[in-house]
Amino acid sequence: MTSFIRVVLTWLLFMSATAGMGTISVAVAQTNDETRPAQQDSTAEESSAGETEDQPPLLEELSTPKAEELLKVRPFDWMVLKNGRVIIVEPIKPRPNRLEWIEALLFNHNDIKKKGEERDAGDDDQEPFDLAKWREKRLTYEYFDIVLYDETGEAEETEFRIQRKYVEKFIHFEDHLLNETSRLTKAGDLRTAYELLVFLTRRDTQRIKDAKKTLPKIAVDEEKPFPWDKPWPGLEIARNDLLLADVATLRKAGRYEEAFLRIEDLHQSDAVVPGLSRLAGLVANEFIARVDTAGDFRQARFFIDRLDKLYPGHRISEKWKSQYRQRAETLRTEGLKKFSGADYSAGATKLNDAYRVWPTLPGLAVEYRRVATRYQVLRSGVLSLPNGGANEPHGSYPFEQTSSWRRRKLVSRPLLHVSYYRDGSPRYRSSYLEDWVPRDLGRELRFLLRNERDSWESRPIITTADVLQAFMPALKSGEAFDERLELFINEIRPLSPTEFAITLARVPARPEALFRVDLAKPSDPDDESDEQHRGSFASFRGERVGNDHLVYTRLFPEPEQLLEYHVAEIQERRYRSYNEMIRGFNRNEVDYLPRIQVPDVKKFREDERVFVQPYALPASHFLQFRPDSPYFKLPAVRRAMRYAMDRQSLLEKEFLGVDDLTSEAERNAIRRANLGRVVTAPFASTLLGYNALVRSTRYEIGTATALVFVDRERIQEIGRPLKLVCPNDVVFLRAAGKIVESWQRVGLNAELVIANPKKAESKLETQETVEWDVAYRVHRLEDPVYDFVSLLAMKPNPSSEDLRYLPSWIVRELQKLELVSDIQESQEQLRRVHEIVAKEAILISLWELDEFAVFRRNIRGFPQQLVHPYDGIDTWVIQPNLAAGEF
Amino acid sequence: MLQIPGSTRCPLCLCVFATVVVLLGRLQLPGVLSDETSNIAIAAASDGDKRDSITEENDTNHEDASLMFSSEAVDRYRFELEPYRVLVELHVMTPRLIEGKDLQRLSAKLVSHIHRNAGATWSTRVVVVDADSFQSTDGHRRDNGSQKNYDKVFRLAIGRNANGFELTGSEFDVPTQQRTSEVSRTVIAPRFVAHELARMTAALFRPVAIVDTANEMNVRIRLKAGLIACPNPNWNAIPVDSYLTTYRLYFDRDKVIRKRIEVPWTFLKILKTQRAQADCKVISAFRAPLAGIQRRVETRALVATPLSNVSELRIERRNDRRSPTGTLRVNLAHSFVPGKPVDFHSRLVTDRRGTQRLSKEETPIQFIFVYSGDTLLARVPVMIGLEEVIELEVPDDETQLSVDGQLNQIKSELIDIVARRTVMIARVKLLAKQGKFGQLAAGDAGGQDAREENNVSAVMKQIELLPGVESFRKKILAVRVPAVARSESAGDRAAVNRINKQCDEMTELVKRYLDDDKLKQLEEQVDEWKTIDRLSVDDPPKEPAE
């Protein structure tokens, strides 16, 4: 092949020489099956010059290059000669329409000669017309400079020229791309078509940029430049065709949002696309109908607006607007009717629905504000919901999860509860008691019940009989038997309907901690009447509404004619991910986030629309062993597990988000903020009983490996990996995964077990739990002096039997902690227990994280430090958030 | 003179009495005594004035028996020949449930039932008592004055419940002052009341024996009224494999009981019976609880019949009964043979008060092992269901537990140090192999800076800084001295020995694992490698020997 080209070039050179126009060059032609010059068969070089098979191929013989080839090969142009043969050359510049441009230039040039000759004839004073110069310049218009590809596919260094008269036309690389795009669009291969179109667009943009650089030069020289800074001819049409085809496909697939995005793109293009308005209406209509069925009016309104922006007064948008206005009007009428009938809940729901459907309905905002003030609804964004029911299972995770803890705190009504912390000690209060007075050196306590209730309180007025009934299950044998309470209480004596006395067998350090008896807890879960009776002592009652909503309603509504009302209903909305929850908060879907992640605290604190309130206690993260796990019986392995973890690094990476920060200053700032700390106890380091002298175990991978080696034989005897169970929370799971990896690094065969709540939900009856050895726990011990034993026993009312897995000397220390009667001594003993538990690795404490809740500024009345997410919920006030799109 | 039981005016009773007399005439004393008793003329002790009739009106009807023993034999076998003097106190709990003649008829029927079974072995008197005596469960002891003439007092009560007549009763053994727990039954019709009361009496009745001869493991006992024939052979019999509890009775010169002591944690198991005698095996927490003869001291045994299926074990501290013992491990075994491993069938834990509910097992006697940590505090046999509450005193284990805890912590620390030292030694060898000997900067105490230095000298310095044998020895001493002093002052020699042994073992452990010689060896090796490294600068350092 190459030899033939050289023959052609020689011939052309001869012709040029005879014409006195210097040397010329000719490009290499390619056949259909030899797209790339590099792939030319070397044997072709040896063929003789006169052989027909070595001639450039005819245009008819070539087939259009396919997308795959076009995207792979170096760009090329087809130069079609007058004889119908095609030579493949490096893309010529400038382009497109090179031939047409030269024609135009020549026309101008001829005109210059004519004008010059006329001028020479008429005026002698002027400089004579330089015909030689004119001819020289004209000669440049007669040739194309071309570059051929060599056998390797690279451009040859020698540049050739070919006389214009031999060239019939150019088929550019861009033309090939466009043709292929159109073909693929018709064939329905939109993905590849998009790929080609993007490639072409990028290439064309570069071409225009290059043309703009060279254009001024050409313009000066030639006086009449060709418009190369315009998009490639046919590009926009191809694009529009492709978008239309894509719209049809997406619509068919029900992906209306994407389809509408394409329509908006089409609408923005300069070209007129016939039927686009109708298509936009169809897509919008179908989408709105769908979201309307799902009750997502926010999306529907958004689409109506989008359609209106494209085509103001579109028939479809007008249809839906009218429909929504009508629906909102109906709901408003019904809501106001209910509201005037003192059915506030239903009234507020209707008004809220109306506001969700069409918030701009005239007068609706005012009525919505009035109703929302009377019946206040707290909308709370959460990541998980409890499974429901008084005896709810906690998924396959063996411990109470955050969602259940939230629910328990909201629903339960203890006689005494922790209200706040001062000087590192818990302080108790009761909403039922007027007073409680110690007598006989603390051996007797007299309790005086409150016989009235504040208007805002959601609680019943109870009598001595109710209290005694609540105490009884704890004091008699049965499931609710409380061995510790039985040890302390000698006698409960009713003195009057509102007064009773408790004689203590021994005086505890803080008697209030003993009397956190839940009045709302049924003594017998199977006894429905008892459950109903006890349920009436709760402040809120929970009811599941769909998969992602849980509604708690105030059991004791506030009376009429009050100046101010408080929260009447709590709506918990579950989000699938933390980021989605934050987006929901930003979209006004919820007003309250009970827990945010530490890296977001700074951002929310800077946000003037919200309050960021800290919790009174940080959440302690620790690992707890299953008592009957064979791994627990290996103390060296327990300590090895502790040595193997780089807790500081894990804390910073997984919880404080230090790795996500780019600057060292930001990292240092978040470290200085001290929102998370490595600790040695499973309770808050801010409490008095925390022993600061207990040193945190260093990260010593070598020691850990050696300790695992000590018990290697017994580990082999166990014959199964150590299983770490973790709550189904993304962040916790990530941290737990890292912990397992660190254990594996020291030679401990460990695996992560994910507690799947969905599995548990489907098996409510069986409550199947996963097999585990160690549990990743997140807990907040309110009063560690009394709760530490419960934590170790994994039961709220631990018996001695529950502690038998511990060595006797540790059990004795725990008993001393319970029995000590002086507060200072109790703190001392707690510090001692803390030291023992840490040294013996009974629990492996990881870190503690300060927790924060975020309130929108329309909420007030919450405490300065939250003990739990709904602390003092009776007193919270929610002002209507008119910016709220919907719930 | 033998008392004529029953009403002598009643022809039926006379017939019964005649039968008894005939049987007594045919009675043969146990084999060992047969020769001595062959010539005995039956002459019952003439204490008829002390006997009571079965009813108030029959008190005066006493008659002498026609069969007579010699006075010597009578003295010797007085215990076996004396019938039980039994007082049955009957009380109607529900007012106007049974009154007047009905009550008298009921009493008579009860006597008749008892007499039909017990025959001459019981001299029974039935009295109807008022409510006051029944108010307290300790009523038996309060009435001691009026009960001193009886061997057994039965307190039977008749009440009414939803299902019919509720009968409750208990037995009180007057000489030992031991009372059974209360049992109750229900009968539907009034006509069954007397019969059921008699059955209840039989169930409550605990035959009495006297310990005759005793050595460490075996004793021989004689059964009260065992030589008197009984119409119902099971009435006064003690079958083989049954158990008895033992009591010491201390008499004064006038043969009046001055003191009674229960022999604790001791049971007799009947191995063989022959007439009024039985051979028993001693099951006790003590080595020879019944051995030794004392003047005016008599060892009595009562048949132990558990009337309940459960007992509460209450463990208390010997010197401080008020403070709770806390959680102790209680293991139960069916049997215990010293020197052989024990097979525990139950492993329990006492609650915070130191109590634990025990349930009846297949074998009546259970061995209870009480542990505090690994220390055995008590090992006693008990019969579950015999008493409502079994009280067990144990020595104070506070010091022992404290030692356990402290030594355990020292052990944990030792394991950590050994692991860390092993890693560091391996590191030294690795660094030496790489020729990184380095030099520690002057004044560097091997703290953080030394730790960060990646050379042999720095790591060696770290190893030296780890706690050594001397450090651990001091710690162990700090545990041993106060603990031993406390135990000695408490007079607990066993605890002293135990603590010393534990501390010695721990010291040995420290010596074994933190041997300083190994460290010296390593230092020498390092010096050697260093020298080699210095001499052959161009050559790679010699690979350290493992």
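The numbers here are math on the coordinates, done by the rules we state, and not lab data. This is a predicted model, so every value here is computed, not measured. We place every Cβ from the backbone using ideal geometry, glycine too, and count neighbours over all the protein chains shown.
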The relative contact order of the stretch A:548-587, taking Cα pairs under 8 Å that sit 6 or more residues apart, comes to a percentage of 45
Here, trypsin sites (Lys or Arg not before Pro) of the stretch B:235-299 satisfying both criteria (DSSP loop; at most 14 other Cβ within 10 Å) are B:253, B:255, B:287, B:295, B:296
For the stretch A:804-887 the trypsin sites (Lys or Arg not before Pro) that pass both the DSSP coil test and the at-most-14 other-Cβ-within-10 Å test are A:857
For the stretch A:169-216 (alpha-carbon point model, no solvent) the Debye-based log₁₀ I(q)/I(0) at q = 0.19, 0.29 Å⁻¹ works out to -0.64, -0.99
Output row, site residue A:825, 7 Å Cα→C-beta label point, backbone N cut-off 18 Å, window the stretch A:496-518, residues A:504-514
Computed ³J(HN,Hα) along the stretch A:458-464: with the Karplus parameters 6.51/-1.76/1.60, θ = phi - 60°, integer Hz and x for glycine or proline, the list is 9, 7, x, 8, 10, 10, 4
The helix A:276-294 Cα axis meets the longest alpha-carbon principal axis of chain A at an angle in degrees, between 0 and 90 and rounded to 10, of 10
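For a quick check of your reading of the filter: which GluC sites (Glu not before Pro) in the stretch A:127-214 sit in a DSSP loop and have no more than 14 other Cβ atoms within 10 Å? Before the final figure, lay out each step's value.
Numbers: sites: A:136, A:142, A:151, A:154, A:156, A:157, A:159, A:168, A:174, A:180, A:195; in loops: A:142, A:151, A:154.
Listed in order of number, the matching sites are A:154.
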With +1 on the Cβ of every Lys and Arg and -1 on the Cβ of every Asp and Glu, the dipole magnitude of the stretch B:235-348 about its Cα centre, in debye rounded to the nearest 20, is 440
Which residues qualify? For residue A:510, with a placed amide H closer than 5 Å and at least 5 residues away or on another chain, they are none
In nm, the gap between the two label points placed 7 Å beyond Cα toward Cβ at residue A:633 and residue A:580 is 4.5
FRET efficiency for residue A:734 and residue B:411 from the Cβ-Cβ distance with R0 = 51 Å, rounded to 0.05, comes out at 0.90
In this structure, the FRET efficiency calculated for residue A:97 and residue A:132 from their beta-carbon separation, with R0 = 25 Å, to the nearest 0.05, is 0.25
Per principal axis, largest first, the Cα atoms of the stretch A:604-699 extend in Å by 53, 30, 26
Chain A: relative contact order from alpha carbon pairs under 8 Å, six or more residues apart, as a whole percent, is 12
proj_area_mean for chain A (convex hull on C-alpha atoms), units nm², value 56.9
Here, residue B:257 and residue A:693, labelled 7 Å along Cα→Cβ, have an inter-label distance in nm of 5.9
Taking Cα pairs closer than 8 Å and at least 6 residues apart, the relative contact order of the stretch A:793-887 in percent is 15
Restricting to lysines and to Cα separations under 21 Å from residue B:520, and discarding same-chain partners fewer than 8 apart, the set is B:429, B:433, B:436, B:461, B:511, B:530, B:542
Residues meeting the amide H criterion for residue A:493 (H placed from the backbone, H to H distance under 5 Å, 5 or more places apart or on another chain) are A:501, A:502, A:503
P(r) over all Cα-Cα pairs of the stretch A:241-299, 10 Å bins from 0 to the longest distance, whole percent per bin, short to long, reads 24, 53, 19, 4
For chain A, the charge dipole (Cβ of Lys, Arg +1; Cβ of Asp, Glu -1; about the Cα centre) points to a positive end, and the Cα of A:562, A:868, A:447 closest to that extreme belongs to A:447
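Suppose the chain between residue A:709 and residue A:649 were pulled fully straight at 0.36 nm per residue; how much longer would it get relative to their current alpha carbon spacing? Walk me through the numbers on the way to the answer.
Values: separation 60, 0.36 × 60 = 21.60 nm, distance 2.50 nm.
Extra length from residue A:709 to residue A:649 when fully extended: 19.1 nm.
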With +1 on the Cβ of every Lys and Arg and -1 on the Cβ of every Asp and Glu, the dipole magnitude of the stretch A:823-887 about its Cα centre, in debye rounded to the nearest 20, is 240
Descending packing, highest mean Cβ count within 10 Å first, for A:256-263, B:211-218 is A:256-263, B:211-218
Projecting the Cα atoms of A:261, A:699, A:83 onto the charge dipole of chain A, where Lys and Arg contribute +1 and Asp and Glu -1 at Cβ, the residue farthest towards the positive end is A:699
Simple spin-label estimate for residue B:534/residue B:202, 7 Å along Cα→Cβ, in nm, reads 10.4
Shielding of B:413-419 by other chains, given as the mean Cβ count within 10 Å, works out to 6
Fewest to most Cβ atoms within 10 Å: A:287, A:683 sort as A:287, A:683
Listing A:464, B:201 by rising number of other beta-carbon atoms within 10 angstrom, fewest first, gives A:464, B:201
For chain A, whose charge dipole is built from +1 on Lys and Arg Cβ atoms and -1 on Asp and Glu Cβ atoms, the candidate among A:772, A:399, A:437 with its Cα farthest towards the positive end is A:437
Magnitude of the Cβ-charge dipole (Lys and Arg +1, Asp and Glu -1) of chain A about the Cα centre, nearest 20 debye, reported as 2720
Flagged as over-length at 24 Å C-alpha distance, from A:252/A:350; A:82/A:114; A:93/A:137; A:633/B:360; A:653/A:839, the pairs are A:252/A:350; A:82/A:114; A:633/B:360; A:653/A:839
